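The values are calculated or read from the model by the stated rules, or taken from the named source; none is laboratory data. Here the structure is a predicted model, which is why all the values come from computation and not from measurement. Note that each Cβ is placed from the backbone with ideal geometry, even for glycine, and that neighbours are counted across all protein chains shown. Calculation scope for accessible area: heavy atoms of the full protein, side chains included, ligands and nucleic acids excluded. Shrake-Rupley method; radii C 1.70, N 1.55, O 1.52, S 1.80 Å.
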Amino acid sequence: MTSRVFIPHLGGRFLVAPLCLAMAVVFFGGAAPEFLSLGNLQNIATQMWLLALLSIGQMFAIASRGFDISVGATAALASTAAALGANAFGLPGLLAGPIAGLAVGTLNGALVGVAGIQPIVATLGTLIAVRGIALLLTDDGQVVPLVDAAAAARMSFNPVLGLPLAYWAAILLVCLAALILNRSVIGRRIVMLGSNPEAVRLVGIGYARTQIRAYQLCSLYAGFAGVLLTLRAGTGLPTEGAGMELQAIAAAVIGGTALSGGVARVVPVVLGAAFIQALLTGLNLQGVSPFVAQIAVGLVIIGSGLLEYAIRHFFPVEHRSWT
Amino acid sequence: MTALAIRMARQVRDRINMPASFFVAIALFALFALTVPRFATSGNAENVLRVASILCVVACGQAIVLILGGIEFSFGSSVALASIVTVLVVPDYGVMGGFAAGAAVVLLIGVLNGALIARFHLPPFIVTLGMLMAVAGLAATLAGGLPIDAPPSEAFSWPARGRVLGVPVPVIAAGASVGTLFLVLAYSTIGRLWYLVGANPEAARLSGIRVRTTIFLGYLAASAFCALAAIILTSRVGSGQPSLAPNLPFETIAACAIGGIPLAGGQGRASQVLCGVLIIAMMNNAVVLLNFPVAYQQLMIGAVILGSVLLQKSSGSIGVLWRSSVPKRGGR
Amino acid sequence: MTAPPLLTMTGIAKHYGATCALRDASLRLYPGRVHALLGENGAGKSTLVKMIVGVVRPDGGTITFGDAAVAFRTVRDAVAAGIIPIYQHLSLFPQLTILENLSAFAFGATRDLRASSATLSIEQARAWLSSVGLERDPMTLVEEISIGERQLVEIARGLGQACKVLILDEPTAALTQDETERLFTVVRSLCAQGTAVLFISHKFDEIDSIADDVTILRDGRTVVDGAPIRSLTRDELVRAMLGEAVATGSRELPPPGDVLVEARGLRLHATAEPIDMGIRAGEIVGLAGLVGSGALDIASALAGATPVASGTLLVAGDVIPFGDRHTASKKGIGYVPSDRHLQGLFPVLTAMQNASASSLKVISRRGVVREQAESDRLLPWLRRLKLHPLKTELPAASFSGGNQQKLLMARNLALPGLRVLVVLEPTRGVDIAARETIHQAIIEAALKGVAVLLASSDLDEIEALSHRILVVRQGRISQELPRGTARGALVSALAERDAA
């Protein structure tokens, strides 16, 4: 009863992602039937999780009224760290990825929450520095091949119950994110921070601590995305992920996360990521160059902004007590 | 007459009012001059200025947008699109026609941004980010993903390599940009309107100011600076490149932030832009002179961005006097 | 006063840079008593409150709570100790439900991971809400309820905590009389259980009816330390706050001329009854209404600040579109909005830039702002309004509330071709001296033939300044009262029920 999922009234904005996804499926399915083939849908379903994890992380940052443009670089660093870790300690060493993410998130959170730096400047600084660290770890950007590439391939390509292990893990992480956002005190504090940053301290919630938690979650999920990247490629990719931050922000916004903070839900964000992935894959099937797909994603981002305008314009919140 | 001159001089001094980043720039210069070989030579100084000039011109535009409380990401791909359009147009309409077409493209993107942000009240963050991606895609599509070479000519390379009275043209352009920005922000009515709208758009509207027009003109002006930079950049690379300067928006935001312009809007001066740009340029240059690997370069630049912004946050005493007295909202 | 004090503050000092917020303040709260804290704006009341709850730490002095000296480091510590603040500035979370807002303190305090453990049960939430007389579904989002209701949620949240000391910082500003009464009932019953209450308000009537003791701060010092409220007359209270008596009397108003501004068939909403009203040149019309009555909405519509469903706005025969401040100000309609911070001030810009914001057309030539013309035009106004300090290059945020309000007045009084002045809540949260100055400026404007519409929740102000008073209830003008109407008649006109 007290979960945030069941709150009415915020509905409209969360319908956008499912509607967009449905439209994309209908459109591409109509234009090219092979889009709806099992193989292709499976393809989308496996490819989208990378973006989905990044978007969910981004969602936490945006819900706290910030955002993080370093997630792409963080994922690349995490991918490298995971590969190095796995090579040194076997599969458990993959956890070096999320740990690296957590470290970056702590730094971002401290810069924003303690030092009071604007999120864009803070995460821009870490973006550049993190890229540098990833290069440093890998002798100027050489990929780090996994020694036990076979195990990685098993995890990311051999289906167990219809889906490879790595994707089950991703789904588990998504469920965990929903739990954190909707059912945990941390999630509630993050949403409160985004809703009214000046009031959190007044009700006894630590401002800086909550801000740090939000960015930690953001980068942690970027870290998991990095692990996924490593498993899929069989190597650590220190220079991957450029441009992913923009797609992640787009997915989070299409998924109904309010840039003004305080409003977020996990499932629509995942659907937003699925939509962007479907768009990219669908356009690819149409034989359209990836550059045009890029135009489409850009227009979708602007469109998601226009959508916020439409929601504001046509469904204004009434405050007048005497009506 | 002298009284007037003194008053004018005092006014100018008050307006320039050394920002905190000025001292950071000086300190950095001193540090590099002492520790980095060949840093403090006139040849290197010219090199620094030349490299910094494009960043400087675009940062002037970014500053206007930041003062308005907005942010502009689309610079990164609009210069790329401009370079491609320029190169495509040059064979038919000549060098001037090419540059004019390139500049027009950038202005058009500015118009689009301004219209979307001002008319529909969209978050500038979303609009310009979307525009960045869409225009990058468009540029790559036009060019087929590969750079297109421009027919080399004296006129084509003049904006990047020419000299007037011994001073490189890009440096003159940068100087003119900062000068223009200074005059516009300090003295013009539109500059005042940008400050007012950036400081509190609702209060500006209720004071009878045309907020939408003001915002629109701000993005247009910003794109004008970007157009100038696009010409120089295209001339420098001598080709149309789909990924010409992908980090330009981030670098300009960083320059403004390092210079001390708060992203909250309503504040910012030309001198801060200049200092921010010089700090970044000196950093880049020193790292190259020291022959550091790319990894260290990036680490250091990231650290300097964060460090100098942190420093300004904590230094309540120098330069930030006129901001330090602003209380947090919620207090009496 | 036999019991020992529950909370004692002595010799408290606090500096912010060069400015001294508190020099030597003391305060003693006793269990079971309501203690009023008075003082002009800037006297240090808010700083003192923030110290009690641990938001601000004192530079000097001691705070003891119960028997021990304390220094709360965060609000969480204070709340855990039983000190519950209810804030003047709304500290709710609009995108969250009422239930979640009621549970906010628990979210701050809990060490549990699960949100459900910190959330109130629905029944408990209903009980808390009904204790302040708010019948709302706890699952409603706060952004969907009115400002007055939000204040009630805020109060319910505070009252729901296990509290030994309750701090009410101007809680009644957004409340109707009924709601205020209900709040006082709850406060009295808490007192009966031994809670110490600190009550901050500018309204002497409320202080008379609820407070037992009074402490008065002036300029960071305690000048009246815990005197029984009955031992002081209202004059003595005001004198202690100001350090001198300020005359507040009835005023001479100029005779009005012809009708200058007119609204015909104005409907704020498609379903609302149409409103017709006119204001003559040199006339001051008071628009009185309780919070949420729509008085402020009518006034801002007449200033061209907000769009309406239908109607015509005429100034000297010219039609002006609603919701277009640009045209309205070109036609000489000045507007002082009700929310100084959100709608009026440019906090980071200088005082001069704030004052000249509406006069840019006349002070610039060929796109260049002429600073000489700017100060020639505005400085006389700022002088007449006694802006203090008269340093026009300081950022507006560094001025006190009263002086910020003077900047907004100056902006509109200097409006080129000023013919109509719409002022909303011109002296809310403003000290008494600034209030006098602002009132004088409004009358002077009327003397020059400006038509003035004054919307205010301050009845003293309405009575002192208006030629006639329009009473607004439920979005329409229910009654027109002449100057000199008795206070009782005015109050009953405001509070009248629909059925009557």
Would you check the accessible area of C:GLU393, probe 1.4 Å, heavy atoms only, in square angstrom rounded to 10? 120 Å²
Please compute P(r) over all alpha-carbon pairs of the stretch B:44-246, binned at 5 Å starting from zero, and give each bin as a whole-number percent. 1, 8, 16, 19, 18, 15, 11, 7, 3, 1, 0
Which whole-angstrom value gives the distance between the alpha carbon centres of the stretch A:164-198 and the stretch A:234-275? 14 Å
Per residue of the stretch B:70-83, what does 6.51 cos²θ - 1.76 cosθ + 1.60 with θ = phi - 60° give for ³J(HN,Hα)? Whole Hz please, x for Gly and Pro, Karplus curve as stated. x, 7, 10, 9, 6, 3, x, 9, 5, 5, 5, 4, 4, 5
Between the helical axis of C:371-384 and the dominant principal axis of chain C, each derived from Cα atoms, what acute angle in degrees is found, rounded to the nearest 10? 60 degrees
To the nearest Å, what is the center-to-center distance of the stretch B:230-276 and the stretch C:421-500, using C-alpha atoms only? 53 Å
I'd like the interface area for chains B and C: accessible area of each alone minus the complex, both sides summed, 1.4 Å probe, protein heavy atoms only. What is it in Å² to the nearest 100? 2900 Å²
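As an exercise, use a Förster radius of 60 Å and the Cβ-Cβ distance of C:ASP376 and A:ASN87 to find the FRET efficiency, rounded to the nearest 0.05. Write out the running numbers ahead of the final one.
Values: r = 76 Å, r/R0 = 1.26.
Between C:ASP376 and A:ASN87 the formula returns 0.20.
How many percent of DSSP beta bridges within the protein assembly as shown run antiparallel, rounded to 5? All intermediate terms of the calculation are to be shown ahead of the outcome.
Working: 52 of 89 bridges.
Given both bridge residues lie in the protein assembly as shown, the antiparallel proportion sits at roughly 60 percent.
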So what does C:LYS50 come to for accessible area, using a 1.4 Å probe and Å² rounded to 10? 60 Å²
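Provide a whole-number value for the mean count of partner chain Cβ atoms within 10 Å of the Cβ atoms in peptide B:188-194. Don't skip to the answer; put the middle values down first.
Working: counts 5, 10, 5, 3, 10, 4, 0.
Mean shielding count: 5.
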Helix C:432-447 sits at what angle to the longest principal axis of chain C, using alpha carbons and giving 0 to 90 degrees rounded to 10? 20 degrees
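Dipole size in debye (nearest 20) for chain A around its Cα centre, Lys and Arg Cβ +1, Asp and Glu Cβ -1? Walk me through the intermediate numbers first.
Values: 15 positive and 10 negative charges, 202 e Å.
Value, rounded to 20: 980 debye.
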Counting only the heavy atoms of the protein chains, how much of C:SER209 is accessible to a 1.4 Å probe, in Å² to the nearest 10? 60 Å²
Amide H of B:GLY265: which non-local residues (sequence gap of 5 or more, or other chain) have their own amide H closer than 5 Å, using H built in the peptide plane? B:GLY69
Please name which of A:ILE276, A:LEU53, A:ALA214 has its Cα lying farthest along the dipole of chain A towards the positive end, using unit charges on Cβ (Lys, Arg +1; Asp, Glu -1) and the Cα centre as origin. A:ALA214
What residues have an amide H closer than 5 Å to that of B:VAL167, excluding those fewer than 5 places away on the same chain, when H is modeled at 1.01 Å from N in the peptide plane? none
Please sort through the DSSP H helices of chain A and keep those with an alpha-carbon extent of at least 30 Å along the long axis and a Kyte-Doolittle average not below 1.0. A:11-31, A:38-63, A:290-314
Label model pair C:SER310, C:ARG230: point-to-point distance (7 angstrom along the Cα→beta-carbon line) in nm is 6.0 nm
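Using a 10 Å cut-off around each Cβ of peptide C:135-143, what is the average number of partner chain Cβ atoms that fall inside? List each step's numbers first, then the result.
Details: counts 0, 0, 1, 1, 6, 3, 6, 2, 6.
Taking all residues of C:135-143 together, the mean is 3.
Suppose R0 equals 51 Å; then what is the FRET efficiency for B:ALA27 and C:ALA68 from their Cβ-Cβ distance, rounded to the nearest 0.05?
Numbers: r = 49 Å, r/R0 = 0.95.
My answer for the efficiency is 0.55.
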Scan around A:PHE67 for amide H atoms under 5 Å from its own, H built in the peptide plane at 1.01 Å from N, and keep only partners 5 or more places away or cross-chain. none
Rounded, prolate or oblate: which one fits chain A, using the alpha carbon gyration tensor with axes a ≥ b ≥ c (rounded when a/c is under 1.5, else prolate when a/b beats b/c, else oblate)? oblate
Can you work out ³J(HN,Hα) from phi for every residue in the stretch C:44-61, in order, using Karplus 6.51 cos²θ - 1.76 cosθ + 1.60 and θ = phi - 60°, giving whole Hz and x for Gly and Pro? x, 4, 4, 4, 4, 4, 4, 5, 4, 8, x, 7, 10, 9, x, 7, x, x
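Taking 25 Å as R0, compute the FRET efficiency from the Cβ-Cβ separation of B:ASP149 and B:SER42 and round it to 0.05. Walk me through the numbers before you get to the answer.
Values: r = 33 Å, r/R0 = 1.33.
Computed FRET efficiency for B:ASP149 and B:SER42: 0.15.
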Most packed first (mean Cβ within 10 Å per residue), the peptides B:208-216, A:162-170, A:78-86 order as A:78-86, B:208-216, A:162-170
Cα gyration tensor of chain C diagonalised, 5x eigenvalues square-rooted, in angstrom largest first, produces semi-axes 40, 27, 23
Among A:GLN286, A:GLN118, A:GLN277, which one shows the biggest mean-square fluctuation in a GNM of chain A, springs joining Cα atoms closer than 10 Å? A:GLN286
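To the nearest whole number, what is the average tally of beta carbon atoms from other chains within 10 Å of the beta carbons of peptide C:337-344?
Numbers: counts 4, 0, 2, 1, 4, 4, 6, 5.
Across the residues of C:337-344, the mean count of other-chain Cβ atoms within 10 Å is 3.
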Taking a ≥ b ≥ c as the square roots of the Cα gyration tensor eigenvalues, with a/c under 1.5 meaning rounded and otherwise prolate when a/b beats b/c or oblate if not, the protein assembly as shown comes out prolate
So how do B:MET300, A:MET244, B:MET282 rank on accessible area, 1.4 Å probe, biggest first, that is with the largest at the start? B:MET300, A:MET244, B:MET282
Karplus couplings for the stretch C:487-494 from phi (6.51 cos²θ - 1.76 cosθ + 1.60, θ = phi - 60°), rounded to Hz, Gly and Pro as x? 4, x, 5, 5, 4, 6, 5, 6
Of B:SER239, B:CYS56, B:SER188, farthest towards positive along the dipole that unit charges on Lys, Arg, Asp, Glu beta carbons give the stretch B:44-246: B:SER188
In terms of the Cα gyration tensor, with a ≥ b ≥ c the square roots of its eigenvalues, is the stretch B:46-102 rounded because a/c is under 1.5, prolate because a/b exceeds b/c, or oblate? oblate
Which links in C:LYS330/C:LYS406; C:LYS203/C:LYS406; C:LYS391/C:LYS448 stretch past 25 Å when you go from one Cα to the other? C:LYS391/C:LYS448
With a cap of 11 neighbouring Cβ atoms within 10 Å, and only residues DSSP puts in a loop, list the trypsin sites (Lys or Arg not before Pro) found in the stretch A:92-195. none
For Cα pairs less than 8 Å apart in space and 6+ apart in sequence, what is the mean separation divided by the residue count of the stretch B:44-246, i.e. the relative contact order in percent? 43 percent
A:SER260 versus C:ARG366: modelled label distance in nm, points set 7 Å from Cα along the beta carbon direction: 4.4 nm
